[in-house]
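Each remark here refers to the structure printed beneath this line.
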Amino acid sequence: MVELTGSTALVTGAGSGIGRAVALMLAREGASVVATDLDEDAARQTAEAIDSQGGSSVACRLDVRSAGDHVAAVALATSTFGGLHIAVNNAGMGSRPTPLAEIDPDFWSLMLDVNLTGVFLGLRAQIPAIVSAGGGSVVNVASILAMAGRRGAAAYVAAKHGVVGLTRAAALDYAAHKVRINAVGPGFVRTPMIGHMDEAPLIASHPWGRLGRPEDIAEMVGFLVSPRADFVTGAYFPVDGGYLAQ
């Protein structure tokens, strides 16, 4: 069943990991996809993979810290495919463990700029276009650390908590315009972002007994942007192998 035929979706951080899996899933469900990434070559590779499978995609470079880049990506979606109906704000960054008092203020600002302000700037550009299209859906990729703390991750934890609050407030602002806005909370997922971490203790922290796969998150996103989730907005959904149930 191809549920998203006729829709246009924009995905940030689509060059690898969760973003790439989401972009490929949306295309399989029939959406035309604008694949964006700070690494334009990686975004283009995702778009080419979509096209090679019979989908329709276009790629562009997007630095989530740039309001202008978000506006340009939305303009590309509307000029190429006629509108915007779905957005997935996935792009983010992690860091090596650092106790709070040792965090450089400039690094703190960078983490919040990418992981929180980047989502705000995305929403700010995407929502008017989705409203103009008659409504649609946005999914913001938060984290299990939007609902829990972790040693050495104060900046990341603060930013991801902020993403959930931002999601809830935005959902209330635009419910009357038929724009549904939700957040997903991935557990630890095997992507380049955790490449520096020891996998064994991470696996042990998930009752399901494995790390997440990008496709696990993409499937939840697929549900949330589909007509099946028509009564779902302002919510946070962990996809974490039981991590937060402990």
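The values are calculated or read from the model by the stated rules, or taken from the named source; none is laboratory data. Treat the numbers as computed from the prediction; the structure is a model and nothing was measured. Cβ atoms come from the backbone with ideal geometry, glycine included; neighbour counts cover every protein chain shown.
Would you be able to say whether some residue in the range 74-96 is over 19 Å from ALA14 (Cβ atoms), of a type in the set (Gly, Ala, Ser) and in a helix (DSSP H, G or I)? Checked the range 74-96: no residue is over 19 Å from ALA14 (Cβ atoms), of a type in the set (Gly, Ala, Ser) and in a helix (DSSP H, G or I). Residues that are modelled with pLDDT under 95, farther than 30 Å from ARG151 by Cα and either hydrophobic (A, V, I, L, M, F, W, C) or touching a His at 6+ places or on another chain (Cβ under 6 Å) (or both) occur at least once in the range 2-24.
Put simply, of GLY165, GLY149, GLY212 the only residue that is of a type outside the set (Val, Ile, Thr), touching an Asp or Glu at 6+ places or on another chain (Cβ under 9 Å), within 21 Å of GLY92 (Cα to Cα) and free of Cβ contacts under 8 Å to residues at least 60 places away in the same chain is GLY212. Being of a type in the set (Asp, Glu) and farther than 22 Å from MET93 by Cβ is not true of GLU199. May I ask you to list the residues in the range 26-46 that are aliphatic (A, V, I, L, M), part of a helix (DSSP H, G or I) and buried (at least 24 other Cβ atoms within 10 Å of the Cβ)? Hits for the range 26-46 are LEU26, ALA27, ALA43. Give me a count of the residues in the range 168-207 that are in contact (Cβ under 8 Å) with a residue 60 or more places away in the chain, assigned to a loop (DSSP other than H, G, I, E, B) and touching a Pro at 6+ places or on another chain (Cβ under 9 Å). Here the count works out to 1.
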